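Rule-based calculations on the coordinates, nothing more; no lab input. Quick caveat: nothing in here was measured; it's all calculated off a predicted structure. Positions of Cβ are backbone-derived with ideal geometry, glycine not excepted, and every protein chain shown enters the neighbour counts.
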Amino acid sequence: MTYQPTSVTLPFVDISRFRGPAEERGRFIDELRRILYDHGFFYLTGHGVPQALVDETIAAAKRFFALSTEEKLKVEMVNSPHFRGYNRPGWELTRGEKDWREQIDIATEAETLPDDPSKPWNRLTGPNQWPEAIPEFRPLVLEYQAEVTRVGLEVLKAISVALGQDEDVFSDIYTPLPTQLLKLIRYPGRDVAESSQGVGAHKDGGFVTVLLQDKVEGLRVRTEDGRWIDAPPVPGTFIINTGEVLELATQGYVRADVHDVVAPPAGVERFSVAFFLGARVDSVVPVIELPEELEDKRRGVTVDPLNPIFQNVGRNALKSRLRSHPDVARRHHADLLSADELANTGPGSAY
């Protein structure tokens with residue numbers, strides 16, 4: 001059953017119930033539907049990701065961040081026109097303010113696409129940068145990415161059924177391969193950070209996020225009435241949250257909730273691994289027809305003049321990356337910063 005321990009205010013969802021007998025699956029879907037409407041943030045259990053792989057991934061992240069600055073800068077993001085690679089603390093922005101975390105971004109391994117002025121988001125597709133000093137990093141991270149992609153797609157299918165749809169209702173915009181973005185992240189303590197902003201308040205842009213937290217808390221979720229809920233690490237779980245694609249598709253029945261991360265205390269490090277499952281960049285988000293009992297609960301898409309949301313997936317993704325990483329934008333995409341509104345480098349959302 002879905003349950004809430006006394007120390008945690010977000011619900012727990014056991015996804016293995018989605019694979020269970022029809023009666024149990026039905027109860028699970030009813031509970032998930034209520035959770036989606038309330039806030040779309042929950043702890044996931046029953047996911048089937050081996051604990052050994054989880055532990056190895058966190059350990060690999062710690063090995064990477066323990067490298068010398070010189071080694072890490074060999075794969076610095078500013079060298080990649082595809083927004084792949086390492087960022088120093090304070091080099092990514094959320095709503096125009098520095099995020100005090102260092103990270104390495106790994107997306108879908110792909111060949112660079114030919115430049116197409118009518119599809120500037122094609123520039124997001126290309127190869128990753130990998131640290132030479134840790135040869136085991138690449139196969140391990142790609143194995144983990146494949147596992148959390150599986151988890152994210154199963155959660156998306158359960159969400160689709162909870163919305164009264166066929167479980168493959170979104171397959172047209174994520175097959176043959178969804179957008180995959182994996183961030184391995186280290187948050188330094190307040191003795192290093194210049195502010196308490198680990199990551200500023202933002203929404204995620206895709207279908208769902210699959211977040212692995214190590215041992216130090218810091219994640220917070222903002223409710224519809226403006227309260228902040230702490231989401232501390234719980235061993236054996238992932239945090240799942242819904243993104244802007246689902247908000248668009250359901251016209252606000254499912255919301256992409258605002259959340260942030262508070263920098264840890266002085267002398268303390270926080271590690272996490274965030275995976276963002278999204279639609280293909282060449283796709284357009286459909287508005288799905290909800291059952292009558294859900295239709296009246298559509299709340300509309302959030303209106304934020306500083307961060308407009310577009311049905312065009314590539315436009316949303318490129319807008320977010322250009323705003324979050326102005327150094328990459330200036331070096332590789334200066335032509336996009338002059339006219340198109342999607343490239344406005346004012347305050348915007350991070351991934």
Phi angles of segment 186-202, converted by Karplus (6.51 cos²θ - 1.76 cosθ + 1.60, θ = phi - 60°) into ³J(HN,Hα) in whole Hz with x for Gly and Pro, give 10, 9, x, x, 5, 6, 9, 5, 8, 8, 7, 7, x, 9, x, 4, 7
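Normalise the Cα radius of gyration of segment 131-193 by 2.2 N^0.38 Å (N = residues in it) and let me know the number. It would help to have the intermediate numbers written out before the result.
Details: Rg = 16.9 Å, N = 63, 2.2 N^0.38 = 10.6 Å.
My calculation over the Cα atoms of segment 131-193 gives 1.59.
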For the chain, what is the calculated [θ] at 222 nm in deg cm²/dmol (nearest 500), taking -39500 (n - 2.57) for each run of four or more DSSP H residues and dividing by its residue count? -8000 deg cm²/dmol
19 Å Cα-Cα reach of K74 towards aspartates and glutamates, excluding residues that sit fewer than 8 places from it in its own chain: E92, E102, D105, E109, E132, E136, D327
If amide hydrogens are placed 1.01 Å from N in the peptide plane, which non-local residues have theirs closer than 5 Å to the one on A256? E247
Suppose every K and R has +1 on its Cβ and every D and E has -1 on its Cβ; what is the size of the dipole of the chain about the Cα centre, in Debye to the nearest 20? 660 debye
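Do the alpha carbons of any pairs in K72/K98; K72/K215; K98/K297; K119/K297; K203/K297; K183/K297 sit beyond 28 Å of each other, and which pairs?
Numbers: K72/K98 20 Å; K72/K215 24 Å; K98/K297 36 Å; K119/K297 35 Å; K203/K297 21 Å; K183/K297 34 Å.
Among K72/K98; K72/K215; K98/K297; K119/K297; K203/K297; K183/K297, the Cα-Cα distance tops 28 Å for K98/K297; K119/K297; K183/K297.
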For segment 300-313, 3J(HN,Hα) per residue [Karplus equation, 6.51 cos²θ - 1.76 cosθ + 1.60, θ = phi - 60°, Hz, x = Gly/Pro]: x, 6, 4, 9, 10, x, 7, 8, x, 10, 10, 5, 6, 5
Taking the simple approach of a point 7 Å from Cα along Cα-to-Cβ for both S171 and E289, what is their distance in nm? 2.0 nm
Can you give me the Cα centroid spacing of segment 297-318 and segment 58-79 in angstrom? 33 Å
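Going by the alpha-carbon gyration tensor, a ≥ b ≥ c the square roots of its eigenvalues, is segment 9-142 rounded (a/c under 1.5) or, if a/c is not under 1.5, prolate (a/b greater than b/c) versus oblate? Write down the numbers at each step before the final one.
On the way: a/c = 2.03, a/b = 1.67, b/c = 1.21.
Verdict is prolate for segment 9-142.
Give the calculated FRET efficiency between S118 and K98 to the nearest 0.05, with a Förster radius of 25 Å applied to their Cβ-Cβ distance. List each step's numbers first, then the result.
Details: r = 34 Å, r/R0 = 1.35.
Here the calculated transfer efficiency is 0.15.
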Difference of contour (0.36 nm per residue) and Cα-Cα distance, L140 to K297: 52.3 nm
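Can you tell me which of 241-250, 163-172, 227-236, 182-191 comes out highest on packing, and rank the rest after it, using the mean Cβ neighbours within 10 Å? Could the numbers behind the result be given before it?
Details: 241-250: 25.4, 163-172: 16.8, 227-236: 15.0, 182-191: 20.6.
Top to bottom by mean Cβ count within 10 Å: 241-250, 182-191, 163-172, 227-236.
Given R₀ = 35 Å, what would the calculated FRET efficiency be for D327 paired with A266, taking r from the Cβ atoms and rounding to 0.05? Please report the intermediate quantities before stating the final value.
Values: r = 28 Å, r/R0 = 0.79.
According to the calculation, E is roughly 0.80.
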Report relative contact order for segment 212-302 in percent, whole number only (criteria: Cα-Cα under 8 Å, sequence separation at least 6). 35 percent
May I have the pair-distance distribution P(r) for the chain, computed from all Cα-Cα distances with 20 Å bins from 0 and rounded to whole percent? 31, 61, 8
Just the number, please: Stokes-Einstein D of segment 211-326 in µm²/s, Kirkwood Rh from C-alpha pairs, 25 °C, 0.890 mPa s. 150 µm²/s
Considering only DSSP beta bridges with both partners in the chain, what is the antiparallel share in %, to the nearest 5? 90 percent
Work out from phi, with θ = phi - 60° and the Karplus expression 6.51 cos²θ - 1.76 cosθ + 1.60, the ³J(HN,Hα) of each residue of segment 248-260, listed in order in whole Hz, and give x for Gly and Pro. 5, 5, 9, 6, x, 4, 9, 9, 8, 6, 6, 8, 8
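Given an 8 Å cut-off on Cα distances and at least 6 residues of separation, report the relative contact order of the chain as a percent. Please list the in-between numbers first.
Numbers: 738 pairs, mean separation 72.7, N = 351.
This gives 21 percent for the chain.
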